[in-house]
1. Taking region 1-37 only, how many residues are outside any loop (DSSP other than H, G, I, E, B), at pLDDT 95 or above and either surrounded by 12 or more Cβ atoms within 10 Å (Cβ to Cβ) or more than 45 Å from the chain's Cα centre (by Cα) (or both)?
2. Picking from 623, 603, which residue would you name as being surrounded by fewer than 18 Cβ atoms within 10 Å (Cβ to Cβ), part of a helix (DSSP H, G or I) and touching a helix residue (DSSP H, G or I) at 6+ places or on another chain (Cβ under 6 Å)?
3. Which of the residues spanning region 756-772 are in a loop (DSSP other than H, G, I, E, B), under 24 Å from the mean Cα position of the chain (by Cα) and either at positive phi or surrounded by 16 or more Cβ atoms within 10 Å (Cβ to Cβ) (or both)?
4. What number of residues in region 144-163 are in a helix (DSSP H, G or I) and either buried (at least 21 other Cβ atoms within 10 Å of the Cβ) or within 27 Å of the chain's Cα centre (by Cα) (or both)?
5. Only residues that are crowded, with 24+ Cβ neighbours inside 10 Å and over 16 Å from the mean Cα position of the chain (by Cα): list them for region 309-320, please.
6. Failed condition for residue 583, given (1) more than 21 Å from residue 668 (Cβ to Cβ); (2) in contact (Cβ under 8 Å) with a residue 40 or more places away in the chain; (3) in a loop (DSSP other than H, G, I, E, B), with all others met?
7. Can you spot a residue in region 46-53 that is part of a helix (DSSP H, G or I) and in contact (Cβ under 8 Å) with a residue 24 or more places away in the chain?
8. Are any of the residues in region 773-781 part of a loop (DSSP other than H, G, I, E, B), under 22 Å from the mean Cα position of the chain (by Cα) and more than 22 Å from residue 66 (Cβ to Cβ)?
């Protein structure tokens, strides 16, 4: 009897496993066979290589982009769904109340409303519009004919058709994710108005004693609290929604006179938050008139990165300030009016209804001024007398980005690349481009606004004083740019550019250390660059940030650290060259010390919310070197104590807390404090935030080198150890135009977003090790590497 029961139980388990396996099998991508599609004019061949990259061959562009939409959907439908829900403010409908604040923010931004207007005015006969409509049709045809991905079943997501409006709304989200102003401007204004000019010294922000930038009246504590939450919620969008924020980037082009092959070399690695699935979807597109190996983002049929045998390009963030927060002047006799260009003007209101899973719908009213949406209406604690509106170049310009990238995908000459780049108005992007003919170029693509004399957009602007007025935009020729410079290379690393035109370009630029490191190495005398040497440069993990801080900090530490045991712990820092390799102990000590120093210096004056926002800004990176160089900075004093602390006391506290924290984590042996132990990369899936789903959907952790603002910019928020790497190279690409068919790259995770498909995470370990793979472009290579073929044919 026992044996019979055991046998029956085994049969039941086998049946359950079998049903589960069949369930998952039916949700996997189909990469072989013949499939009929509506609206095709002819057959389309999709050949999949060993990484799952589709090589799509069609007779015309409409069929090409319809096929791209179809294969993109079968690999990444959940990602497409999540990114459109984020942009449209519809995440709470499937993820519950914890995403309500995110939805409120994006309903306030009005990306969906803007997208509707753009699509209504769209020329549907333009080639970029035909490509977009074909691509969307391909997505919908896959969705209509297949079972929903696993995540749809777990979350109960209803399937709805995708639309061109979704593409334009997602484009708005990508533009928004560039905007460091959301985290920085309220913080800087708080410091200026609440703490004063002495406190601004540590942030390298010009102070104007003549009164052009004076404190803004009417900003109550509740209004400040609302703006603080805007910054926090903008980060929550990435963390809870699983939608990557764009963080930075490297790109460089080297002319043939500096390469071993005699042809230009292009390298690029856009820095974006890590996620599962990964950001980029790779596809090789080919028609008789067009060919491109492209990297595509969700819901966009135009490659944002790409190359072929003739040309290629990469992107970095320009990081110009294209968002202004504006304190509006309200009519004392009519609170629904604001002052604009000499008149009282009505604010426009609309009502948004947000569906919330497991709770009642949330209704909110969104107000808009002539400058833009009233951003502090998003949260209930916005009780201040002054609305804060948001001016955004994304809304204020024509911004034909889809057309611009359509043309850039085909820009084989310097003139064509320049013209295409001029059509990218917001967000600001650096286009680094090269071709096989020998040209290299860089254009800072953005519409730069004219501003009143003396206005610093680092702060919230005062509408009552005309600070927010913008009479127009500079012409593209005034933007920072270079073409075929005499030094023989161009480097772009999010540093502040020096435009030859002299046009001001305020922005939220990264530290110069990463750009300086790349520039120094690219300028190595007599160096002839090869693909191998270029890859080594891309994986470099050194910068001068740590050493230049320690030059001022170590004397203070030596003065206050007298215990011999503590002196021994300081030893790794004394000779550190700024290298963040996996075995570095100094990198661990330095990073923990920087957090403790920032906390000891800034947290008491800023409070917990503003200090958390500071940790997420690049302003902190600039502040720490200035702080340690200024022994008289008011930040050294702890305002919560009656005594007045000097830099010596605060440094001692920070160092003591550093040792206490690291010893609590890793013990007292320095050998156990290696950077690779404390610095790890995990690719997080939106469902991976819940146990035990993290064991299924997340990939990692991997011990990795690199650090904040090294060329191999594997980085995260400055905080206490251990450190989770949250952003870094979203792909690494190296192309020698002597033979672009030998170009190499890497995906941080894998092509597929479908678990447990074999391409879900098949590149993750190689990426963590700094390895590269080939991006097959030549027909002979594609044939040799084809593992399966899917044929799409017209429906009968």
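1. Filtering region 1-37 down to residues outside any loop (DSSP other than H, G, I, E, B) leaves 2-25, 33-37.
With the extra rule that they be at pLDDT 95 or above, the set shrinks to 33-37.
Next cut, either surrounded by 12 or more Cβ atoms within 10 Å (Cβ to Cβ) or more than 45 Å from the chain's Cα centre (by Cα) (or both) only: 35-37.
Qualifying residue count, region 1-37: 3.
2. Values: 623 fails: surrounded by fewer than 18 Cβ atoms within 10 Å (Cβ to Cβ).
Exactly one residue qualifies, and that residue is 603.
3. Of the residues in region 756-772, the ones in a loop (DSSP other than H, G, I, E, B) are 756-763, 769-772.
When the remaining residues are screened for being under 24 Å from the mean Cα position of the chain (by Cα), the result is 759-763, 769-772.
Listed by number, the residues that qualify are 759, 760, 761, 762, 763, 770, 772.
4. Filtering region 144-163 down to residues in a helix (DSSP H, G or I) leaves 144-145, 150-155.
With the extra rule that they be either buried (at least 21 other Cβ atoms within 10 Å of the Cβ) or within 27 Å of the chain's Cα centre (by Cα) (or both), the set shrinks to 150-152, 155.
Summing the residues that are in a helix (DSSP H, G or I) and either buried (at least 21 other Cβ atoms within 10 Å of the Cβ) or within 27 Å of the chain's Cα centre (by Cα) (or both) in region 144-163 gives 4.
5. Kept after step one, since they are crowded, with 24+ Cβ neighbours inside 10 Å, are these residues of region 309-320: 311-314, 316-320.
Hits for region 309-320 are 311, 312, 313.
6. Single failed check for residue 583: (1).
7. At the first step, the residues of region 46-53 found to be part of a helix (DSSP H, G or I) are none.
There is no residue in region 46-53 that is part of a helix (DSSP H, G or I) and in contact (Cβ under 8 Å) with a residue 24 or more places away in the chain.
8. Looking only at region 773-781, we keep the residues that are part of a loop (DSSP other than H, G, I, E, B), and these are 775-778.
Okay, now just the ones that are also under 22 Å from the mean Cα position of the chain (by Cα), so none.
The answer is no, given that none of the residues of region 773-781 is part of a loop (DSSP other than H, G, I, E, B), under 22 Å from the mean Cα position of the chain (by Cα) and more than 22 Å from residue 66 (Cβ to Cβ).
The values are calculated or read from the model by the stated rules, or taken from the named source; none is laboratory data. Because the structure is predicted, anything quoted here is derived from the model rather than measured. For neighbour counting, all protein chains shown are included, and Cβ atoms are generated from backbone atoms with ideal geometry for every residue, glycine included.
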